[in-house]
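J.: Below you'll find the structure I mean.
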Amino acid sequence: MLCEGVVYFDDYTFPFVFAACSKLFAGFEGKQAHAQMVICPARFGTHSWNSLMDFYIKIGEMGLVVQRIFDEIENPDIVSWNCLIDGYVKLRPLDNARKVFDQMTHRDIVSWTMMLVGYANAGLLSDASSIFDEMPEQNVVSWSAMISAYVKAGRCKEALEQFKEMQVAEVKIDKITLTSVLTACASLGALEQGCWIHGYIDKHGIDVDAHLSTAASRSNILADGVKETPSPEKAFCALFFAPRRV
């Protein structure tokens with residue numbers, strides 16, 4: 001397009017360009033597109049600038065560059081704010097992300113979830129729990145992030161309690177949740193709960209992939225449980241979760 005000398009940039013051009021550059025991790029080409037966007041006499045809408053922020057975040061260049069782009073947006077929307085939070089969450093520490101979060105006059109589920117996941121991944125359980133409790137609504141990502149954080153911190157009983165609360169809230173459970181819960185069951189030797197999860201997986205037709213299988217058999221707790229208190233149900237449960245050989 002540029003080589004042919006036919007240049008008709010509009011508000012739909014750059015989001016596609018930056019999305020392609022992000023996918024291909026083409027930092028040089030993306031920065032060239034950024035330069036063209038800056039010198040172009042046309043005025044671009046918030047959507048185009050948001051796509052530029054997202055590009056820099058995805059190629060790992062976060063922080064000041066993303067902040068500068070955000071500051072230049074005439075009317076930042078909720079996506080703009082969330083992009084900025086995302087950049088700071090991935091950059092760490094989370095102080096700047098929290099400052100941006102606190103400055104927002106309107107937050108959506110994405111805003112809350114990004115802060116929660118940021119705190120959870122950083123092992124800051126107190127902060128993560130506070131965000132979780134303050135959320136107007138929790139989704140499967142927020143529940144799974146809390147459960148996973150408890151497991152990683154070795155607080156497996158609390159992870160299972162959180163899982164029970166998730167069930168009471170009638171939130172749909174996914175493979176990520178189940179993997180964390182099975183890891184907690186293995187750590188605690190909770191064979192009965194592990195077998196209950198087998199029943200849940202079987203009832204809902206969830207495919208047992210390598211992650212689920214590994215989580216269940218990580219400490220061989222299911223097999224050990226069968227030896228201690230053998231029963232057909234527990235034996236079947238142990239076999240169900242046994243690592244598959246290809």
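Nothing in this text is a laboratory measurement; each read-out follows from the coordinates by a stated rule. None of the values given here were measured: they were computed from a predicted structure. Here Cβ is always computed from backbone atoms with ideal geometry, including for glycine, and neighbour counts include all displayed protein chains.
J.: Step through the table entries LYS90/LYS172; LYS152/LYS175; LYS99/LYS172; LYS90/LYS152, compare each Cα-Cα distance with 22 Å, and write down the pairs that go over it.
T.: Working: LYS90/LYS172 27 Å; LYS152/LYS175 17 Å; LYS99/LYS172 32 Å; LYS90/LYS152 19 Å.
In this structure, LYS90/LYS172; LYS99/LYS172 lie more than 22 Å apart at Cα.
J.: Another question, if that's okay. Say each of SER130 and ALA42 gets a label point 7 Å from the Cα, pointing the same way as Cα to Cβ; how far apart are those two points in nm?
T.: It works out to 4.5 nm between the two label points.
J.: I would also like to ask the following. Given 25 °C and 0.890 mPa s, compute D for the stretch 1-104 with the Stokes-Einstein relation, Rh being the Kirkwood radius over Cα pairs; round to the nearest whole µm²/s.
T.: Translational diffusion coefficient: 174 µm²/s.
J.: Compute the signed sum of charges (Lys and Arg +1, Asp and Glu -1) over the other residues within less than 15 Å, Cβ to Cβ, of ASN75.
T.: After counting each charged neighbour, the total is -4.
J.: Moving on to the next point. Pulled fully out, how much extra length does the chain show between ARG68 and VAL168, if you take 0.36 nm times their separation in residues and subtract their Cα-Cα distance?
T.: Taking 0.36 nm per residue and subtracting the Cα distance, the gain is 31.6 nm.
J.: Taking 0.36 nm per intervening residue step and subtracting the Cα-Cα distance, what contour gain separates VAL110 from GLU192 on full extension?
T.: Length gained, VAL110 through GLU192: 26.0 nm.
J.: Next question. Report, in debye and to the nearest 20, how large the dipole of the stretch 1-105 comes out about its Cα centre when Lys and Arg carry +1 and Asp and Glu carry -1 on their Cβ. Before the final figure, lay out each step's value.
T.: Numbers: 9 positive and 13 negative charges, 74 e Å.
Using only the charged Cβ atoms, the result is roughly 360 debye.
J.: Modelling each spin label as a point 7 Å along the Cα-to-Cβ direction, I'd like the LYS152/PHE16 distance in nm, to one decimal.
T.: It works out to 3.8 nm between the two label points.
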